[in-house]
Each structure stands twice: as C-alpha cells, then as structure tokens.
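Step one of this worksheet: look at the structure below.
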Amino acid sequence: MSDRPAFDPDSAPADPIELLRTWLSAAVDLPRVDPLPRATVLSTVDEFGHPDARVVMLRGISPAPSAGLSFASSALSPKGRQLADTPWAALTFHWPGQGRQVRVRGQVTAAEGAADFAARPPGSRAEVVVGSRQSEPLSDLAELRAALASADVDAAPADWTQYTLRPAEFQFFQIDPDRVHVRLRYDRADDDTWRRRLQWP
C-alpha cells in the first residue's frame, strides 16, 4: 500500500529504544489503522524448552541507560513460572496497517506489581486478582463471573508482578510498496552501545 510510511535505515537513530518509541507513537496516533498499538506477543519457553506465546500489553518503556520494556502478570501464571525458570523472553510488535514489525529479545527481571495494580481500573484489577488461576480448568463461565464479582480490588495480590525485559537485540521490519523491504537489526555490545546493520528481509 502506498500510504504506508517510508523508512530510511540510514536515518535511524543510534539507540533502538528511540526508534521503538517513534514507531509506537506513530501507531498510537493512528488507532483506526492499528487499534491495539501497545499489544505485543510475549514468547517464553517452558521447562522442556518448548516455546510458548501470548499477547500482553506493554505497560511502559523505562529510560536509558537501563532501558527496558515492561509488562505485568501473576508470578503464578504459566508465563510467570516460565520466566522464573528461564528469565529470557522475546516481544513482537506488529502494526499491519503501517506494515511494521519489531522483534525484541532480552533478559527479564521481576519486581512487585503494586504500582501497576493501582493504576488499573476496577474491572482490570478484578482480572488481576483471579489471574493466579490463569489457564487452570474452569467448570463454567458462572464460576468465573462469581470470582470476578467477589474479587477484592483494593490491594494488589502478592503474586502480581511487573516484569521488565532489558533488550539485547532488536529487529525492525518495514514493508515497502516496491517490495524493497527493510530489516534493520541492533545488537547490544558489552559496553551498552548498539551495533546496527541491515539484514536481508
């Protein structure tokens, strides 16, 4: 599509976090094109090394020098248990209306999630409270409705956790109408600088 944005890799910033912020802001500004701009696929591995993936919401981007991408979940959920065993993960952003995709990989750290819980509306807090039972067997939807209705939304559960992925690698992908697609990769060096290079799309 000709109305998709152009991307000149030569003009890309030295810091990939800055480029991610720019692309995310562009997606947020076009909700009719990409209605869930902060949605990202979180990929982890289980105790057998088998991959697992689900969509979570990006809760924030912390500033440099220890920049990270944050999301929240119950430490008792499948993703929480997997991250406790293997604290590395990948995030994938996809904005199809703009022909853009960003892949991020890095190490994940965990912190208490009270501030994240407090920032949520009551309905979302109720979901958090019952979230420790995520993916467990459910008898019927009435059981879920009852749990949500009786949830204490005044205090964060002890298992609610804010996770932060510290990127070690980025890949930015931009579709081109003439099929000269751009894939730009950043790798973090030992001194926390970034090495940037083009890749075949």
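Orientation-averaged projection of segment 149-200 equals 8.1 nm² [convex hull of Cα atoms, one quarter of hull surface area]. When only alpha carbons are used to place a centre, segment 90-160 and segment 26-73 end up 12 Å from one another. Test of understanding: in a Gaussian network model of the chain with alpha carbons linked when under 10 Å, which of Glu143, Glu112, Glu18 would top the mean-square fluctuation ranking? Ranking Glu143, Glu112, Glu18 by mean-square fluctuation puts Glu143 first. Put a plus charge on the Cβ of each Lys and Arg, a minus charge on the Cβ of each Asp and Glu, and nothing anywhere else: the dipole of segment 58-201 about its Cα centre is then about 680 debye. Among Leu83, Leu24, Leu141, the largest mean-square fluctuation in a Gaussian network model of the chain, built with springs joining Cα atoms closer than 10 Å, belongs to Leu141. In terms of accessible area, using a 1.4 Å probe and ignoring ligands and nucleic acids, Trp88, Trp160 rank largest first as Trp88, Trp160.
Multiplying the residue separation of Arg81 and Ala118 by 0.36 nm and removing their Cα-Cα distance gives an extension gain of 11.0 nm. Taking the chain as a Gaussian network of alpha-carbon nodes connected by springs under 10 Å, the highest mean-square fluctuation of the residues Thr161, Thr22, Thr92 belongs to Thr22. For segment 92-201, a Kirkwood radius taken over Cα pairs fed into Stokes-Einstein (20 °C, viscosity 1.002 mPa s) yields D = 122 µm²/s. Only helices enter the 222 nm calculation for the chain: every DSSP H run of n ≥ 4 contributes -39,500 (n - 2.57), and dividing by all residues gives -6500 deg cm²/dmol, rounded to 500.
Note: segment 36-156, Cα convex hull, 137 Å³ per residue.
The values are calculated or read from the model by the stated rules, or taken from the named source; none is laboratory data. Please read all numbers here as calculations on a predicted model, not as lab measurements. Note that each Cβ is placed from the backbone with ideal geometry, even for glycine, and that neighbours are counted across all protein chains shown. These area figures cover heavy atoms from the full protein model, side chains too; ligands, DNA and RNA do not enter into them. Shrake-Rupley method; radii C 1.70, N 1.55, O 1.52, S 1.80 Å.
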